[in-house]
Structures are given as structure tokens and as C-alpha cells.
Number of protein chains: 2
Amino acid sequence: MADLLERLGEIVGAGQVMTGPDMAGYAQDWTGAWVSAPLCVVRPATTAEIAAVVRLANEVGVPVVPLAGNTGLNGGAVAEGAILLSVERMSRIREIRPEARIAIVEAGVVLERLHEAAGQHGLAFPLTFGAKGSAMIGGVLSTNAGGSNVLRYGNTRDLCLGLEAVLPTGEVVDLMSELHKDNSGYDLRDLLIGAEGTLGIITAAVLKLVPRPRAYATAMVAVASLDAGLALLNRLQEATGGAVEACEYMPRAYMEALLAHDPALKPPFAESHDVNLLVEVGATAPRDADPGPDGTVPVQAYLEAILGDLFEEGAVLDAVVAQNDTQRAEMWARRERAAEVALAPGPVAVNDIAVPLDRVGPFLARADAAVAALDPAAVALPVAHLGDGNIHYAVRLSQGDAGLKEAVVEAVEEIVREMGGSFSAEHGIGLAKLPSMRRRKDAAALAAMRAIKAALDPAGVMNPGKVLPD
Amino acid sequence: MADLLERLGEIVGAGQVMTGPDMAGYAQDWTGAWVSAPLCVVRPATTAEIAAVVRLANEVGVPVVPLAGNTGLNGGAVAEGAILLSVERMSRIREIRPEARIAIVEAGVVLERLHEAAGQHGLAFPLTFGAKGSAMIGGVLSTNAGGSNVLRYGNTRDLCLGLEAVLPTGEVVDLMSELHKDNSGYDLRDLLIGAEGTLGIITAAVLKLVPRPRAYATAMVAVASLDAGLALLNRLQEATGGAVEACEYMPRAYMEALLAHDPALKPPFAESHDVNLLVEVGATAPRDADPGPDGTVPVQAYLEAILGDLFEEGAVLDAVVAQNDTQRAEMWARRERAAEVALAPGPVAVNDIAVPLDRVGPFLARADAAVAALDPAAVALPVAHLGDGNIHYAVRLSQGDAGLKEAVVEAVEEIVREMGGSFSAEHGIGLAKLPSMRRRKDAAALAAMRAIKAALDPAGVMNPGKVLPD
């Protein structure tokens, strides 16, 4: 052990190997749900150092668990008895090439910092979610993060052109393509993205940037039903040629829990409503974004006209359109606190699931009924990305019984399966979803994944025990 | 052998096993460049039949080579001594769900038939290329086909939500997700896409559909230089909020060869020009697409205004805007004959390469010079997808010497490498690009690909010898 720490210190520098209490900030996640006792924490500064650490791990047969922003929700970075390898010092934005619309970044870059850096060039990295101020690119890629803008821009996988990674054997693969077409063999890039660090450690990436919208139209809208919400989404998409950036659903129970969680937040409407949406349209073309002679921004005018029409039809009950950036930020804050609200102290069953768009409403009705049958005093606090069918279906249980929690998860998953959905939409598998993976994933697919894992990680050192159930 | 044929007949039906002269239409590609002597051709009608054929192949140790539309250019379906498995009978469009914007199709569906079927719902499957009337979805997916609309809609990989495949062991994986978020383990879907049938046979897929543009603005434009062409592209993207569907480059030498190849085609302009572009904008929003009171279609008006401005500036030398579908089709015909023109009889060195967008011009200048140094009488006939940096750099050589051909390919690849490009953009590797794969692909990436191949195809029966050099 002392010998291993010394050899690690020779690779990364003695001050970058931590043990004991110094590991506190690394060995526990922000929710407190996942705590482990790593052998040590190492903080390499270069790809070569990471490769050397991984080669050493192979030599001595000690597992390596990569860690980026530590904002994952499923225990993917639990590092019991392992070398916990933090990529935080690999925090360079190597290059932004605005003409080519790419950013070349290292794994330790915080997502929000990339947002700001792209913004300085009039561009955007459009992936965003609540933890953007802590989440790092390495984790974003390793979990194929989604978030709120997927309906327009896709998941992380859709926004990555190339990457560099250290494979489980310690070899470095250079796939740093900047190209939009590159068919030269198997798609190792997309295999490493979303593998949660079990097939290698992503060290750097070439990411796509998009034109930053010149103007946004953002509104909180109370609608009569989820169907009315989908009608609003579809009408907005047609009118804007597909420029809707987000359509987020927050039901009454969530709004109430949110306002109780943080009384400083303002309620969106004078009255409370069952179905609350945050909708946002981003306008990139001057004729949509640039104010007219009377100061009207065209994209906001379209949104207001559509909301007005739907109000007349009874589909919209109330609506507030953001008049400035402060109001827009207030609207987003209501949505971005969802993980905090769901994971407040107390027993909770979390389901990160996806169903086809038109089945969000039927899913919620059936899931609520199933939960009520199992635990009549439970409170469901779902939020949903209505534009991509992803529902974070958190349930506050009346008691901390593990069997009840498992029964709720199982019941929800069964409804998801019947509706053609996925038991894991964007948070990944980690440790938390291993039982779901075992009982729900196509058996031949699981066998193929295990074969790939064994082929690329023969010594089994790379984040073992995650993603693939035994 | 007779025993194998009999057992294959039991699986697929005796009439669906062919040998000898009956195989003629399968054992040679349309260019005549790739000819092989398969053991037999089998034409299964279901996924279960394909799985049974593959299991039998494992049992007896005979290779299986999948074949779809037979329009590949790199010999990916050469089947010497193998069971050539045609998916042509798996030709059902199982379902189109317009509200969900998806099509569920089998591997034997011809691309153009999917275009038509989607069109009947006011939707589009936006992937298109010259061979669309023959290419089948299974081959489109297995090669991650690109084509002309990648700058707006991405490659095949970006348009596929889920798939079903028979793995090399004969197991069937069901990954038929309709979801936009599904993080449940490794990305086997994208691993199978672009694997050219070496990791399994794709049998069906869930494909994304997009709103069919309500109007197009299509023009042939002669510009002063490739830089002027990029300026036109960028200005059009900005004005339309990213609605450019295609920006295709055809130089003077190509236009001359095209008109010589098919004298029935009309030249685009009264005079001939060095740099000819086909540009197309698709308008989906009513305010861009619907004719005004005077009959003007807004998107065509934007295009004409931008062309007018650039004409004043000297960047545009001549332009013709299509006034109807017939004129639009004529413009596209000039581009879609490119493979025929390049592969007309005679010695030719073909390079399907990609470079960053802003390096297309410098690449062509350097490549032309390098080719002239090797073969002063050679004629380069490039065409390029200017919007995604993909260049089909075909060179008619003055003589059929294999060493000269190899030297030209090698010289072009070296320039591509120096410019941060890829030696294989969209046609894939097959047999033709194995030498390039050996000398150009990252060694650690190649080793990882070989490990994956060995893990998923332990008997080595699935399209062996393609993609991965020994």
C-alpha cells in the first residue's frame, strides 16, 4: 500500500495523492447517498499521467474509478478500495474555433465555464441541466448527459465530434476528430460516451458549438392538461420551424414542494395550477430575433400570439412571458432545483425514465395509481422534459422500508416497459440501477456488453461493478 | 457442401438458396470492380431465419457476408467462398407514426421508398445520395451513410433511434428504442451502425423523420472562389437560422466530364465557370414557406436577395434559381451522377476524404499539385459536400499502373492527415481502404476494434476480412 502510494506520487506528484480525511470531498456525493472508502485519491494533470496511473493499476491489480464533477445520481463514482482518479486538474479549454464551431476541452472543465467561453464568441454549447455549475465535461460525456435542450440539440453524444481517452489497459486512443463525416472503423467514440468510465477515462473532447440564439422567448404557462401542453409544443414547433429549446413540465405537487423547499422562490402565477410548463424558443435568424421599429421581438410576438390563441380555446389557463434576463432566470430556477427537491432528506424512490412523447400523460396517471396502491401516503414529485419524453419520477415514501422502495421502482418500471419506454433515460446505471439492468435489459445485449467489457478491460480494473450486473 | 445447401434451404426455403449463374446479380457490384465467387446466395425473409443461418454458419465454420442494395463502393460485400446473405426480402415498412415522427423499417427497404412513404405523411427521411433508388436501409445503416444533407440533419447514425440485429453468434439483440433518451448500458446501436456487417446483421431500425420542408429554394451558383462559396453558405445559414440543406461543389473539370458522360444533361450556365455550387434551403415554418400576396415564396426571396448582394460584391458570377420541381430535379441530377462519372471505365484513384470546412480549398490546391507531380496527364474530378467538408476526390489516371494508383492515394492521404482530416469520410473501409486503415488509423484504436471484433465474433464468421486489416 505505502509502495503503491509512493509510485502514484511519482506519477502525479506527491501533493496530488490524498488519503484519509483529505479524501472527504471526493469519497461522498452531494446527496450523501453514496459514500465509499477509496484507497486514495489521485489528481493527475495530463493524459500521460492518467495513462501511467492506469498502467500501474493493471500491474498491481487495483481498481481505478474516474471522478469528474461528482454530480452523478446513481453511484457511478463509488470507489470502495479503489484509486479514485479525479480529472479536475485537467481543466483547460484548449481551443475554441468559432469559424469551425468547435470547442476542444479537457475532462475537468466545468460545464458552465464552457457555456461562458462559447458565449464570448456568440456561440453556445447547448447542453444544460441543474448541476451545470459543478458538472465537468468528463462526467457529462461518460454519462451521455441529456438535460433540458435535448429536443432541439440532442444528447451529449450528438454534440461530440471527437475524443481522447485512456483505455482500461492504459493505452491512449486519439479520436480527436473535428469532422462531421469520419467513417474509419468502429464507433469507439460513442462506445466510450455513456460507458460511465467502465471502458476507459475520457480525457478530452472536440465538442460542437451552435449559434447562440440572438433572442429567447421564455414563458411559464399553466395549461388545462398535458395534452394541451403537447398541442402548445407542436404549434410552437411548427410556427418557429423547430426552434423550441425546452418544454419542461412541473405539476402542482412539485411546485408546492419547491416553494416549501425554498420560500424565497416566487410562485409563477397568482393561482396555483395542476399543469405548469416552462417553454423556451431560441431565435437565431435576425428576422426572428431583431426588434422591429416598435421594439417588439418577433419570436416573443409569435409566442404571445400562440398563447393568446390557446387561451381563447381554453387550452391555456394562464401565462407569463419573461420580459428580461432576470425573469427568464427566475423561471429556470424553478426547474433547475428539481434534484434538490426530490432528494431532500427522507425516503425516496427515484425513477429516471423515458416514454414516447405522447405517453407522458398516460404514464403519470398509471404510475400515480400504482404508487398509491403500494403506499397511500406517498407523494409523487415528478418533473419532465416534455419535449423528449424523459420523466424524473421521484416518489417521497411514507417510510424508509427498502422493500417498499424496491416495489415502487419495480411497479413504475413495469408500466414503463408496457409503454415502450426505458428504465434509464439520462442518469445512467452506476450502482443504483444494476437491479433494473439485470431484470429489464435485453439479455443478448447484456451479454454483448459483458463481452466488450472483458475484451477491453481484461484485468477488470476500470470502474468495476458499475453498469453491468454480475 | 450439398449438405450445407440443404440445411440452408430448410431455413429459408429451397427456392431462396442460389448457386452458380443464379448468383450473377449478387456476386458483382454495379461498378464491376468487385467480383467474387460466393458459396451460395441465401435470401431469408425474417430475423429468425437470418439468426438460424448465422448459427449454422458458426456451426460449420463458413463465413456470412450480408448484402443490402449492393451500392457500396469499397468491396464491403465481397463474399468469396462465403454465404452471401441478401436482406432484400426483408422489405417491409413496418410502421410510420407521424405524431412520433418515426418510421420502423426492415433492412431491405430501398431508401427512395422510405422517402416516398414519409412524404405521404408530410414528413421526410432526410438522408439522401445518388444511389437512393437502389440502396437499402440495412446498407445505409451498416455504412453510416452520409450524403448531401448531413450539414442540416447529420449522418445515418444521427437519424437512427433504435435497431434490431443478429449478432455474429446468431443471437438477436432487440434495441428497437423509439426514445430520444435511453442511457441503459453501452451504445451497441452506434457500434453496429457503420460496422459494415462485421459485428452483426442489422435487420430492422427505428428511424427519425423530420418535417418535410413546405418549400425549397434551390439554385445553381457560379462563385468567384471556394472562399466566396463558403461566404454564401454562411450568409444563407445566418439569414435562415440554419435551414441550408445542401451546398454541393462541382468544379469545371467535373462539369465538363459530366456533360461528356451524358450529353442529354444541360449545362447550368451560358458560360462555364471554375466553381459551381448547388445550394438548397428548406423552409418548414409557414412564414418562410407560404407564398405572399404577390406569389413570392419568402425563402426564395431571401436566397435571391443574398445572391443579388453577393453578385454586387463580385463573389457570385452567375446564378439560376429553380422555378419549379423539374428545374430543381435537373440541378440535382448534375450532382447525383458523380459516382458514374468518376467510375467510368479507365484507371481511377478514388479518395473519399473529409477535412475541416475551411480547408476544402487549400486541400484541393495541394492535392491537385501532388497528383500533377505524380502523373502530369491525370485529371482530377472532385465533387464535394462543401457544407460538411467531405470531398470525393477521384482522379482519372493516365495509365492503369497499380503502383501509380497507390502512390496517388497515399499522397492525397498524407495531405489529408496534415490538415486534420479523415482518409475515410462516408464510404467506409470495406476491402478497398484496408491499406489506409492499416497505415493511418490510431494504433490503440485499431487494437481496441480488433478486441471488440474477437469478443463478439469468436468464430470469425461475420463478414471476415473487412474493415480491420490483419
Practice problem: Tell me, please, whether a residue that is at positive phi, within 15 Å of the chain's Cα centre (by Cα) and not assigned by TED's automatic domain parsing to the domain that holds A:Gly146 can be found in region A:407-426. | Solution: no
Self-check item: Test: A:Asp368 is under 30 Å from A:Arg152 (Cα atoms), within 12 Å of another protein chain (Cβ to nearest Cβ) and of a type in the set (Asp, Glu)
Solution: no
Quiz prompt | Sole residue being of a type in the set (A, V, I, L, M), facing another protein chain (nearest Cβ under 8 Å) and out of contact with any Cys (no Cβ under 8 Å at 6 or more places or on another chain), chosen from A:Leu199, A:Leu192 | solution = A:Leu199
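Which of the residues belonging to region B:11-29 are of a type outside the set (Phe, Trp, Tyr) and either touching a residue at least 60 places away in the same chain (Cβ under 8 Å) or under 14 Å from B:Ala57 (Cβ atoms) (or both)?
From region B:11-29, those of a type outside the set (Phe, Trp, Tyr) are B:11-25, B:27-29; that's our starting set.
Those that are of a type outside the set (Phe, Trp, Tyr) and either touching a residue at least 60 places away in the same chain (Cβ under 8 Å) or under 14 Å from B:Ala57 (Cβ atoms) (or both): B:Ile11, B:Val12, B:Gln16, B:Val17, B:Met23.
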Exercise. Quickly run through region A:236-279 and pick out the residues that are out of contact with any strand residue (DSSP E or B) (no Cβ under 8 Å at 6 or more places or on another chain) and either buried (at least 18 other Cβ atoms within 10 Å of the Cβ) or of a type in the set (Ser, Thr, Tyr) (or both).
Key: A:Ala239, A:Ser272
Quiz prompt | Scope region A:205-244; condition among the hydroxyl-bearing types (Ser, Thr, Tyr) and in contact with a Lys or Arg (Cβ under 7 Å, 6 or more places away or on another chain); matching residues | solution = A:Tyr216, A:Thr218
Practice problem: Among the residues of region A:344-379, write down those that are in a loop (DSSP other than H, G, I, E, B), of a type in the set (Gly, Ala, Ser) and at pLDDT 95 or above. | Solution: A:Ala377, A:Ala378
Self-check item: Among the residues listed as A:Gly361, A:Gly387, A:Gly403, the single one being in contact with a Gly (Cβ under 9 Å, 6 or more places away or on another chain) and of a type outside the set (Lys, Arg)
Solution: A:Gly361
Quiz prompt | Residues being assigned to a helix (DSSP H, G or I) and either at the interface with another protein chain (Cβ under 10 Å from one of its Cβ atoms) or closer than 25 Å to A:Ala165 by Cβ (or both) - total across region B:435-467 | solution = 19
Practice problem: Could you please find all residues in region A:247-287 being outside any strand (DSSP E or B) and among the small types (Gly, Ala, Ser)? | Solution: A:Ala253, A:Ala257, A:Ala260, A:Ala264, A:Ala270, A:Ser272, A:Ala285
Quiz item: So is A:Asp294 assigned to a loop (DSSP other than H, G, I, E, B) and away from every other protein chain (no Cβ under 14 Å) or not?
Solution: yes
Quiz item: With B:Val105, B:Val110, B:Val65 as the choices, which residue is in contact with a strand residue (DSSP E or B) (Cβ under 6 Å, 6 or more places away or on another chain), β-branched (Val, Ile, Thr) and in the same structural domain as B:Ala33 (by TED's automatic domain parsing)?
Solution: B:Val65
Quiz item: Name the pairs: first residue in region B:211-235 and closer than 14 Å to B:Tyr302 by Cβ, second residue assigned to a loop (DSSP other than H, G, I, E, B) and of a type in the set (Val, Ile, Thr), Cβ to Cβ under 8 Å, at least 6 apart or on different chains?
Solution: B:Pro213/B:Thr284; B:Ala215/B:Val297; B:Ala217/B:Val297
Quiz prompt | B:Ala377 out of contact with any Lys or Arg (no Cβ under 8 Å at 6 or more places or on another chain) and not assigned by TED's automatic domain parsing to the domain that holds B:Leu226 | solution = yes
Practice problem: Answer yes or no as to whether B:Gly308 is under 16 Å from B:Ala239 (Cβ atoms) and not aromatic (Phe, Trp, Tyr). | Solution: yes
Practice problem: Determine whether A:Thr128 is away from every other protein chain (no Cβ under 14 Å) and either assigned to a strand (DSSP E or B) or surrounded by fewer than 24 Cβ atoms within 10 Å (Cβ to Cβ) (or both). | Solution: yes
Quiz item: Inside region B:136-161, can you point out the residues that are in contact (Cβ under 8 Å) with a residue 60 or more places away in the chain and out of contact with any strand residue (DSSP E or B) (no Cβ under 7 Å at 6 or more places or on another chain)?
Solution: B:Gly139, B:Val140, B:Thr143, B:Asn144, B:Ala145, B:Gly147, B:Asn155
Quiz item: So which residues in region B:438-470 are out of contact with any Gly (no Cβ under 8 Å at 6 or more places or on another chain) and closer than 20 Å to B:Arg189 by Cβ, if there are any at all?
Solution: B:Ala448, B:Ala451, B:Ile452, B:Lys453, B:Ala455, B:Asp457
Self-check item: Selection status of B:Glu256, among the charged types (D, E, K, R) and either in contact with a Lys or Arg (Cβ under 7 Å, 6 or more places away or on another chain) or under 30 Å from A:Leu127 (Cβ atoms) (or both)
Solution: no
Quiz prompt | From the options A:Glu116, A:Glu95, A:Glu99, residue that is free of Cβ contacts under 8 Å to residues at least 60 places away in the same chain, over 19 Å from A:Ala27 (Cα atoms) and part of a helix (DSSP H, G or I) | solution = A:Glu116
Quiz item: Could you say which residue among A:Gly389, A:Gly420 is surrounded by fewer than 22 Cβ atoms within 10 Å (Cβ to Cβ), at the interface with another protein chain (Cβ under 8 Å from one of its Cβ atoms) and of a type outside the set (A, V, I, L, M)?
Solution: A:Gly420
Quiz item: Just one of the numbered conditions (1) more than 9 Å from every other protein chain (Cβ to nearest Cβ); (2) part of a helix (DSSP H, G or I); (3) not acidic (Asp, Glu) is not true of A:Gly430; which one?
Solution: (2)
Quiz item: Which residue out of B:Arg43, B:Arg92, B:Arg97 is closer than 30 Å to A:Leu230 by Cα and not β-branched (Val, Ile, Thr)?
Solution: B:Arg97
Practice problem: All but one of (1) buried (at least 18 other Cβ atoms within 10 Å of the Cβ); (2) within 14 Å of chain B (Cβ to nearest Cβ); (3) not in a strand (DSSP E or B) hold for A:Ala301, so report the exception by its number. | Solution: (1)
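The values are calculated or read from the model by the stated rules, or taken from the named source; none is laboratory data. All values derive from a computational prediction rather than experimental measurement. Virtual Cβ from ideal backbone geometry, glycine too; neighbours counted across all protein chains shown.
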